[in-house]
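J.: This is the structure I want to talk about, given as structure tokens.
The values are calculated or read from the model by the stated rules, or taken from the named source; none is laboratory data. All values derive from a computational prediction rather than experimental measurement. Backbone-built Cβ (ideal geometry, glycine too); neighbour counts: all protein chains shown. Each accessible area value is taken on the protein alone, full model and side chains, heavy atoms only, with ligands, DNA and RNA left out. Shrake-Rupley method; radii C 1.70, N 1.55, O 1.52, S 1.80 Å.
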Amino acid sequence: QVQLVESGGGLVQVGSSLRLSCAASGRTFRSYGLGWFRQAPGKEREFVAAITWSGYTYYTDSAKGRFTISRDSAKNTVYLQMNSLKPEDTAVYYCAAHDGPDTISIGENDYNYWGQGTQVTVSS
């Protein structure tokens, strides 16, 4: 198993940047594909970005060009750098892992392990 703990959320203004971190512990970090999801108030949780062990990345359309997912295997940490934040980015952001290190997954049902979430609020 792997345990995931997110950090880095907060209250920021439109156009600002934030970097979310997700620290993993437990099984070897390289055994997992990783992703970020978010859930806004009153909405379903949605895919944001994913990364494989080899570094291949995939983003939802709203994240392309603004968000960057990366992983530091030495630190067992995955990051989500978010730039040019908009009010519609306000949500609880979740880190997740699945048992397919070389597979991109965008469906939340594909992920076996989840963090507790970190709140991102973008004010206008």
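J.: Confirm whether residue 78 is at pLDDT 95 or above and either under 12 Å from residue 4 (Cβ atoms) or not in a strand (DSSP E or B) (or both). First the steps, then the outcome.
T.: Details: at pLDDT 95 or above: yes; either under 12 Å from residue 4 (Cβ atoms) or not in a strand (DSSP E or B) (or both): yes.
It is true that residue 78 is at pLDDT 95 or above and either under 12 Å from residue 4 (Cβ atoms) or not in a strand (DSSP E or B) (or both).
J.: Please find, within the range 24-57, the residue that is modelled with the lowest pLDDT out of those that are outside any loop (DSSP other than H, G, I, E, B), surrounded by fewer than 17 Cβ atoms within 10 Å (Cβ to Cβ) and not charged (D, E, K, R). Before you say what the answer is, go through the steps one by one.
T.: Restricting attention to the range 24-57, the residues satisfying the condition of being outside any loop (DSSP other than H, G, I, E, B) are 24-26, 29-31, 33-39, 46-51, 57.
Pick out the ones that are also surrounded by fewer than 17 Cβ atoms within 10 Å (Cβ to Cβ) and you get 25-26, 30-31, 39, 46, 57.
Next, only the ones that are not charged (D, E, K, R) stay: 25-26, 31, 39, 57.
Working: 25: 87, 26: 80, 31: 85, 39: 98, 57: 97.
The residue in question is 26.
J.: Of a type in the set (Val, Ile, Thr), open to solvent by 50 Å² or more (accessible area, probe 1.4 Å) and touching a Ser or Thr at 6+ places or on another chain (Cβ under 7 Å): does that describe residue 103?
T.: Working: of a type in the set (Val, Ile, Thr): yes; open to solvent by 50 Å² or more (accessible area, probe 1.4 Å): yes; touching a Ser or Thr at 6+ places or on another chain (Cβ under 7 Å): yes.
The answer is yes for residue 103.
J.: Would you say residue 63 is open to solvent by less than 40 Å² (accessible area, probe 1.4 Å) and not in a strand (DSSP E or B)? Walk me through how you get there before you give the answer.
T.: Working: open to solvent by less than 40 Å² (accessible area, probe 1.4 Å): yes; not in a strand (DSSP E or B): yes.
Spelling it out, residue 63 is indeed open to solvent by less than 40 Å² (accessible area, probe 1.4 Å) and not in a strand (DSSP E or B).
J.: Okay, next question. Filter the range 106-124 down to the residues that are more than 20 Å from residue 43 (Cβ to Cβ) and open to solvent by less than 70 Å² (accessible area, probe 1.4 Å) and list them by number.
T.: Passing the criteria: only 113.
J.: For the subset of the range 72-88 comprising residues that are under 19 Å from residue 33 (Cα atoms) and either in contact with a helix residue (DSSP H, G or I) (Cβ under 8 Å, 6 or more places away or on another chain) or free of Cβ contacts under 8 Å to residues at least 40 places away in the same chain (or both), which member is surrounded by the fewest Cβ atoms within 10 Å (Cβ to Cβ)?
T.: In the first step, residues of the range 72-88 are kept if they are under 19 Å from residue 33 (Cα atoms); the result is 72-81.
Cutting the leftovers down to either in contact with a helix residue (DSSP H, G or I) (Cβ under 8 Å, 6 or more places away or on another chain) or free of Cβ contacts under 8 Å to residues at least 40 places away in the same chain (or both) gives us 72-74, 76.
On the way: 72: 11, 73: 13, 74: 7, 76: 17.
Among those that are under 19 Å from residue 33 (Cα atoms) and either in contact with a helix residue (DSSP H, G or I) (Cβ under 8 Å, 6 or more places away or on another chain) or free of Cβ contacts under 8 Å to residues at least 40 places away in the same chain (or both), it is 74.
J.: Now, a different point. Mind listing whichever residues of the range 1-50 are among the charged types (D, E, K, R) and closer than 19 Å to residue 81 by Cβ? Reasoning before the result, please.
T.: Applying the first criterion (among the charged types (D, E, K, R)) to the range 1-50 yields 6, 19, 27, 30, 38, 43-46.
Once the filter is applied, which keeps residues that are among the charged types (D, E, K, R) and closer than 19 Å to residue 81 by Cβ, the range 1-50 yields 6, 19, 38, 46.
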